[in-house]
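The values are calculated or read from the model by the stated rules, or taken from the named source; none is laboratory data. Everything numeric in this text was worked out from a predicted model, so none of it was measured. Cβ placement follows ideal geometry from the backbone for every residue including glycine, while neighbour counts extend to all protein chains displayed. Note: accessible area is taken over every heavy atom of the protein model, side chains too, but ligands, DNA and RNA are not part of it. Shrake-Rupley method; radii C 1.70, N 1.55, O 1.52, S 1.80 Å.
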Amino acid sequence: MTEELQEITLTVNGRRHVLAVQPRRLLVDVLRDDLGLPGTHIGCEHGVCGTCTVLLDDASVRACITLAVQADGRSVRTVEGLADGMRLHPLQEEFWDKQGLQCGYCTPGMLMRAVEILEQVPDPTPDQVREGIASNLCRCTGYQYIVEAVLAAAPRMRSENPWDPTVPTEAKA
Amino acid sequence: MTGTGYVGRAVRRREDPRLLAGRGRYVDDVTEPRQAYVAFVRSPVASARIARIDTSAARSAPDVLAVLTADDLAGHCSGWRGLLSWPGMVAGEQTALATGVVRHVGEPVALVVATGRGPAEDAAELVEVDYEERPAVLDPVAALEPGSPLVHEELGTNLCFASPFGSGDVDAAFAGADTVVDVTVRTGRHTAVALETRGILAAFDRDERTLTVRISTQAPQMLQTLYARLLGLPENSVRVITEHVGGAFGMKAFVYPDEIAVAAAAMLLDRPLKWTQDRYEAMQSDTQARDERVTASLALTADGRILGLRSQVVSDAGAWSMYPRGCVTEGVQVATIMPGPYRVPAVAADLRVVYTNKAPLAVYRAVGHPPAILVMELLMDEAARALGLAPDEVRRRNLVRPEDLPYTSATGNVYDSGSHLESLERAVALLGPDGLEERRRDAAARGRLLGVGLAAFVELSAPGAMFYGAKGAPITAHDQVEVTLQPDGSVTVLLGTPGQGQGLHTTAAQVVADGLGVPLEAVRVVSGDTGVVPHGSGVWASRSAVVSAGAAHAAAVEVRGRVLALAGHLLEADPADLELSEGVVGVRGVPGTRVPVHEIAAVAYWGTHRLPPDLEVGLGAVGSYAGPPYTFNNGTHVAVVEVERATGLVRVVDYVVVEDCGVLINPDIVDGQIRGGVAQGLGGALLEQVVHDPNGQPQTSTMLDYLVPTAYDVPDIRIEHIQTPAPTTTLGTKGVGEAGTAGAPAAVHCAVNDALARAGAGGVFRQPIRPEDVLDALDRAPASR
């Protein structure tokens, strides 16, 4: 079953990687095992639960049913690319503040899906957020706090002073 | 605890920044040098004798290191029986890999070790197994008929356990009743669907003869004891590491055959081995739950007072009694929790737990409560209809009242405190009954039937040592927490229980900061390594806010006492006159004397020459919890649903929870537990069911087939708290992790039946309530209505 390796170029969180992969290798395995980015988790391996969601050229894909060779020459964003060092992205901060996570396993995929929603619809209604994240399963939270977190992050992401990691935000109570 | 400290405050969870950054450490995220990968060969049939296994093709496949079967592990891993000392309970002997017989689809038969996961899975397909199929036993009632095929021939029966429960003269209650109502209810077979599948990374150090197991589990210390026992190692040579766990819900509280097979293979092959379960394996081999067939009747007076309750419960245990908790807890709780928050003077429950050729049934969030509460609440609604009373009124007339407390149920459960009636009144008020008629008309204009469902419940939480331990399982309640004040005034907390997202590091820090008298930021919490932390029984049964927090408080108070004794010497004051708060020692009533706690601690570590020889200088203490046999939280849920007449689809449009879990350590964390719990209960009511074909093949082996709630299915939930402190627990806490899941299936179900009744249709008495069940009920309604 050993197959010939194929050379691909992936730009992941802004960094370019040239890799040799088996054509059958999944994008999620290449991210986790070859590039050492285990923040993208695997939930169902058949494209249903959304846990492995990453952005491929700014559109969400399920990395568990995407072949790495399909991402050749393209740009991938993962949860590891959201924060700037210790400074969290507004979505990460609002998920923290609103308790949009418990076990944290669905969280990276949920965050990347939320990034896509807010990039496409910068000022969403609660229903748009609820329907938007229905693509991703969470077994812990019951979703309400996730919806609240995404809604709270929206104005921060579309503000005229876009999120700047060098400016500290006010510490929360 | 007063309200001035950290307990009671919604501080942000300290666990979260790492998880939000994608820097959690779940089992599959960690890799060992020399690590190889395991893939399993699993039974494709529900019942068969294994006639032959040929591993030769797999052994010679590329990158394969070994192929092991039961014969290879014999002598390296003992077998076990999932027995508890319930009178008459029987269980077959189980081995890590199936020995001679397979009893459910997905049972592990052989394992393949290769240098990569892909080659291991490829080679697993080359293992040839000849199965001599037998008729599968699938219906637990038919399984008790004479002549039924047997799941375990050695037992001579499919009956795992049978027992009556209850007390009081039930025959007299029914003979004297003005009204008797009855229901026959079937609940769906669930599985937990933790988003992180099970997994293990096992490494054996052949020189030290130590086994290190990194595993996704709820009960690391229990696994340490049992792995040591089954693998023939001293307990001090087994270390279980559990960092982050991506959901568990009761399903990860066992010795699983596949997991211990990996550990045994790692020892045998002298090579670190990783196995990460895939979802297909999870749907076949994770524990399942809730599959109950219940017939129950309720005897009442003409004015709606309950006289007695009868029930027959048949619990479908699947093929194995899981080790070590066994398979009967679910059924026992269905039988004994059923009277719930109501005054039921006489109860006669008859439980039978039956083996079938399915994946094992075991504990799952709110063990047994959802079917028990569902049956009781359906009976209450039937009684309301029979007597012409409003659903809340018939409940009001029967709920335990403050003057009844402490109340002992006819099944022997003691409710130490609570707000059973008040929670109902507050939930009805929070729903806003005045607006309901308008909401009904609005729904009707959109072709939908509005229904309202009530569920008043109690939830048994924080069970003590008698629950499992006294019945022979290594599961106890005396969890321990170690608190150490460091020389610089910082505090280290070693927590026996790691948790799976319940925020236990945060709540432990809150409890210790208050109990010791230091700022929250000074406290660092460590858990997840049995080589480091003290004893604990794991995270299950809504216990951590009681048991773990109680132990943390005990340790903190002990250290505080030692600090004050030292300070008394150094300040030449009576320790009884000293106080320690926010990291500063002061003399009561003397404003000028304030000494930072680090100055005291520094003396205890490095300046002991300043102390008399008989003074205790150690500033670390292990606290343990020794509480009551259990406590109970209580509450009332109200669900509002809309049933679409044309399609039978049900949507939950409003949801109210009034919960009394005693003292709240962190209100946000409590609300998170309730919301997530309700979502899981809603899934049980409307979506979730493991389905088998007539040969025992699971038909729900992907997440496309087994439906769990999405954001679109779960409404916003309105929550109010009543805080009746538990009189018997350290902090007055009662635990809450399962309360949402306990009440929701009944509230949602009663709401659907209310909507149907308003259209003149009879109710549905199975879960999940599928659209076709709703349409059937509507079709059967008399046209005149």
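Here the spin labels are modelled as points 7 Å beyond Cα on the Cα-Cβ line, and at B:Gln699 and B:Arg588 they lie 7.1 nm apart.
Working note: Karplus 6.51/-1.76/1.60 with θ = phi - 60° gives region B:283-296 the couplings 5, 9, 10, 5, 4, 10, 7, 6, 6, 10, 10, 10, 10, 9 Hz, where Gly and Pro are set to x.
Counting only lysines at least 8 places from B:Lys252 when in the same chain, those with an alpha carbon closer than 21 Å to its own are B:Lys274, B:Lys358, B:Lys471.
Expressed as a rounded percentage, what relative contact order does chain B have, with Cα pairs under 8 Å and six or more residues apart? Taking the mean separation of contacting Cα pairs over the length of chain B, I get 15 percent. Interface size, chains A and B: roughly 4200 Å² of accessible area buried, both sides included, 1.4 Å probe, rounded to the nearest 100. Can you give me the long-range amide H partners of B:Gln486? Hydrogens built in the peptide plane at 1.01 Å from N, cutoff under 5 Å, separation of 5 or more residues or another chain. Here the answer is B:Val491, B:Thr492, since their amide H atoms fall under 5 Å of that of B:Gln486.
Round to the nearest 10 and give me the degree value, 0 to 90, for the angle of helix A:144-158's Cα axis relative to the longest principal axis of chain A. Computed tilt is about 90 degrees. When you filter the GluC sites (Glu not before Pro) in region B:167-270 for DSSP loop state and at most 11 other Cβ atoms inside 10 Å of their Cβ, you are left with B:Glu208. Long hydrophobic helices in chain B: the complete DSSP H runs spanning 27 Å or more by Cα along their own axis with mean Kyte-Doolittle hydropathy of at least 0.0 are B:547-571, B:667-686, B:739-758. The B:Glu579 and A:Gln70 beta-carbon pair, evaluated with R₀ = 60 Å, returns a calculated FRET efficiency of approximately 0.35. Where both bridge residues fall in region A:6-81, DSSP classifies roughly 80% of the beta bridges as antiparallel. Between the alpha-carbon centers of region B:191-230 and region B:641-706, tell me the distance in whole angstrom. That distance is 30 Å.
Taking the Cα centre of each part, how many Å lie between region B:452-472 and region B:4-66? With region B:452-472 and region B:4-66 each reduced to a Cα centre, they are spaced 30 Å.
Of the residues making up region A:24-51, those losing 20 Å² or more of accessible area when the isolated chain is joined by the remaining protein chains, with a 1.4 Å probe, are A:Arg24, A:Arg32, A:Pro38, A:His41, A:Gly43, A:Cys44, A:Glu45, A:His46, A:Val48. Among rounded, prolate and oblate, which fits chain B when a ≥ b ≥ c are the square roots of the eigenvalues of its C-alpha gyration tensor, a/c under 1.5 means rounded, and a/b larger than b/c means prolate? In terms of gyration-tensor shape, oblate. Largest to smallest in accessible area, the residues A:Ile42, B:Ile475 fall in the order A:Ile42, B:Ile475 (1.4 Å probe, all protein chains included).
For region A:6-81, what relative contact order do you get, as a whole percent, if you take Cα pairs closer than 8 Å and at least 6 residues apart?
39 percent.
The order of B:His244, B:His637, B:His609 by accessible area, most exposed first and with a 1.4 Å probe, is B:His609, B:His244, B:His637. Residues of region B:747-769 falling in the label zone of B:Val691, defined by backbone nitrogen less than 13 Å from a point 7 Å along Cα to beta-carbon, are B:768-769. Ligands, DNA and RNA are left out, and with a 1.4 angstrom probe the accessible area of chain B is 33 Å² per residue.
I need the shape label for the protein assembly as shown. Rule: rounded when a/c is under 1.5, else prolate if a/b > b/c, else oblate, with a, b, c from the alpha carbon gyration tensor. Spell out each step's value before the answer.
Details: a/c = 1.27, a/b = 1.06, b/c = 1.21.
It comes out rounded by the Cα gyration axes.
Sort B:Leu387, B:Leu226 by heavy-atom solvent-accessible area, probe 1.4 angstrom, most to least. Spell out each step's value before the answer.
On the way: B:Leu387 40, B:Leu226 0 Å².
Final ranking, largest accessible area leading: B:Leu387, B:Leu226.
Amide H to amide H, with H built 1.01 Å from N, B:Val525 comes under 5 Å of B:Val493, counting only residues 5 or more places away or on other chains.
Per residue of peptide A:79-89, the mean number of Cβ atoms on other chains within 10 Å of the residue Cβ is 2.
So if R0 is 41 Å, what FRET efficiency would B:Arg758 and B:Ala465 give, r being the distance between their Cβ atoms, rounded to the nearest 0.05? Walk me through the numbers on the way to the answer.
On the way: r = 49 Å, r/R0 = 1.19.
FRET efficiency, B:Arg758 to B:Ala465: 0.25.
Projected label points at B:Asp434 and B:Arg206, each 7 Å from Cα along the beta carbon direction, are separated by 8.0 nanometres.
Rounded to the nearest 5, the antiparallel percentage of DSSP beta bridges internal to region B:396-548 is 60%. Of all aspartates and glutamates in the structure, the ones whose alpha carbon falls short of 18 Å from that of B:Lys734, not counting any fewer than 8 places away in one chain, are B:Asp416, B:Glu422, B:Glu459, B:Asp479, B:Glu659, B:Asp660, B:Asp668, B:Asp671, B:Glu720. Taking the accessible area of region B:237-279, probe 1.4 Å, and keeping the other protein chains in place, the carbon and sulfur fraction comes to 47%. A helix-only calculation puts the protein assembly as shown at -8000 deg cm²/dmol for mean residue ellipticity at 222 nm, using -39500 (n - 2.57) for each DSSP H run of at least four residues, averaged over all residues. With θ taken as phi - 60° and the Karplus curve 6.51 cos²θ - 1.76 cosθ + 1.60 applied, the whole-hertz 3J(HN,Hα) list for region B:300-310 is 9, 7, 5, 8, x, 8, 6, 9, x, 9, 10 Hz, x standing for glycine and proline. Helix A:107-120 sits at what angle to the longest principal axis of chain A, using alpha carbons and giving 0 to 90 degrees rounded to 10? Its long axis makes an angle of about 70 degrees. Modelled this way, with points 7 Å down the Cα-to-C-beta line, the labels at B:Gln312 and B:Asp488 are 6.9 nm from one another. Computed over protein heavy atoms with a 1.4 Å probe, the carbon and sulfur contribution to the accessible area of region A:90-158 reaches 51%. On full extension, the segment bounded by B:Ser56 and B:Ala390 gains 113.2 nm, given 0.36 nm per residue less the C-alpha separation. Legend: mean number of C-beta atoms from other chains within 10 angstrom of residue C-beta atoms, peptide B:675-682, equals 4. Taking all Cα pairs closer than 8 Å and separated by 6 or more residues, the relative contact order of chain A comes to 21 percent.
Per residue, the accessible area of chain A comes to 42 Å², computed with a 1.4 Å probe over protein heavy atoms only. Rounded, prolate or oblate for region A:65-159? Axes are the square roots of the Cα gyration tensor eigenvalues, ordered a ≥ b ≥ c, and the cut-off for rounded is a/c under 1.5. Here region A:65-159 falls in the rounded category. For B:Ile475, the residues 5 or more places off, or on other chains, whose built amide H falls under 5 Å of its own are B:Gly469. Each residue of region A:61-73 was assigned a 3J(HN,Hα) from its phi angle through the Karplus curve 6.51 cos²θ - 1.76 cosθ + 1.60 (θ = phi - 60°); the sequence is 9, 8, 5, 7, 10, 10, 6, 4, 5, 5, 8, 4, x Hz, with glycine and proline shown as x. With a Förster radius of 51 Å applied to the beta-carbon distance between B:Arg34 and B:Thr608, the computed FRET efficiency rounds to 0.65.
For region A:6-81, which whole percent of the accessible surface, found with a 1.4 angstrom probe, sits on carbon and sulfur atoms? Solvent-exposed carbon and sulfur of region A:6-81 make up 42 percent of the total.
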